[in-house]
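The block underneath contains the structure these notes are about, expressed in structure tokens.
The values are calculated or read from the model by the stated rules, or taken from the named source; none is laboratory data. All values reported here derive from a predicted model rather than from experimental measurement. Cβ coordinates were reconstructed from backbone atoms using ideal geometry, including for glycine residues, and neighbour counts include every protein chain displayed. Heavy atoms of the whole protein, side chains included, go into the accessibility calculation; ligands, DNA and RNA do not. Shrake-Rupley method; radii C 1.70, N 1.55, O 1.52, S 1.80 Å.
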Amino acid sequence: EAGVAQSPRYKIIEKRQSVAFWCNPISGHATLYWYQQILGQGPKLLIQFQNNGVVDDSQLPKDRFSAERLKGVDSTLKIQPAKLEDSAVYLCASSLAGQFYNEQFFGPGTRLTVL
Amino acid sequence: GNSVTQMEGPVTLSEEAFLTINCTYTATGYPSLFWYVQYPGEGLQLLLKATKADDKGSNKGFEATYRKETTSFHLEKGSVQVSDSAVYFCALSDTSTGNQFYFGTGTSLTVIP
């Protein structure tokens, strides 16, 4: 079974530029998550989708971050414009359904450096 | 609110030493507890989990027991190997917040031969 795919693996941009990350979850997984992991910290949830609907985006900085999952499968996370403090690893995860006991499967992440 | 507190690292052990990584939590509902491991250059992988009080999760020689009375989920392994070198994250998922995970800050483990 293929795992969660993410691209690109690395991205370097200058502040005020835009960037987009892509995630393809495990086939059949209805729930998709985007996390931000700053160096030395644990992952922090940015947004959670159930199929193509948003379940929780309370920690998403909506003035600059946006995410979509139009067909309920793959997803895109965008930052526009980027700030220095956005430098982090962006992790995508998926699970079968949004049950609290369900395991989340993580992709390898995209490491973003903002200069 | 919900939070996870993990022991500070980094931790360095000799091969075959005993490992304990402490994890305590605060939850508003009835949480499930998880340990995830992140090997160098890889994504997070589930190591073990426990969904109710007194459950013991185990995998690859690692164990953790869900202690409601002490709100703890400490990770243990009797004899570590070099291949266990990784960052370990304690996490909880709470019934009151759907399947949102709250992660600790991670503990880096290095095992030397």
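Report every pair of residues separated by at least 6 positions or lying on different chains whose Cβ atoms are under 6 Å apart, first residue within segment B:39-52 and more than 7 Å from chain A (Cβ to nearest Cβ), second at pLDDT 95 or above and assigned to a loop (DSSP other than H, G, I, E, B).
B:50/B:66
Kindly provide the set of residues from segment A:21-45 that are crowded, with 17+ Cβ neighbours inside 10 Å and without any contact (Cβ under 8 Å) to a residue 40 or more places away in the chain, ordered by number.
Within segment A:21-45, A:42, A:45 qualify.
In segment B:80-101, which residues are of a type in the set (Ser, Thr, Tyr) and open to solvent by 50 Å² or more (accessible area, probe 1.4 Å)?
B:83, B:95, B:96
From the list B:103, B:89, which one is at pLDDT 95 or above and within 17 Å of residue A:35 (Cα to Cα)?
B:89
Given the residues B:69, B:8, which is the only one that is assigned to a loop (DSSP other than H, G, I, E, B), over 15 Å from residue B:85 (Cα atoms) and touching a residue at least 60 places away in the same chain (Cβ under 8 Å)?
After ruling out the rest, the residue left standing is B:8.
Residue by residue, here is whether (1) in a strand (DSSP E or B); (2) more than 14 Å from every other protein chain (Cβ to nearest Cβ) holds:
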site	(1), (2)
B:83	no, yes
B:87	yes, no
B:90	yes, no
B:108	yes, no
B:111	yes, yes
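Yes/no matrix, rows are residues, columns are (1) open to solvent by 40 Å² or more (accessible area, probe 1.4 Å); (2) touching a helix residue (DSSP H, G or I) at 6+ places or on another chain (Cβ under 8 Å); (3) among the hydrophobic types (A, V, I, L, M, F, W, C):
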{"residue": "A:48", "(1), (2), (3)": "no, no, no"}
{"residue": "A:55", "(1), (2), (3)": "yes, no, yes"}
{"residue": "A:58", "(1), (2), (3)": "yes, no, no"}
{"residue": "A:63", "(1), (2), (3)": "yes, no, no"}
{"residue": "A:67", "(1), (2), (3)": "no, no, yes"}
{"residue": "A:80", "(1), (2), (3)": "yes, no, no"}
{"residue": "A:83", "(1), (2), (3)": "yes, no, no"}
{"residue": "A:89", "(1), (2), (3)": "no, no, yes"}
{"residue": "A:114", "(1), (2), (3)": "no, yes, yes"}
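In segment B:60-73, how many are out of contact with any helix residue (DSSP H, G or I) (no Cβ under 9 Å at 6 or more places or on another chain) and open to solvent by 60 Å² or more (accessible area, probe 1.4 Å)?
5
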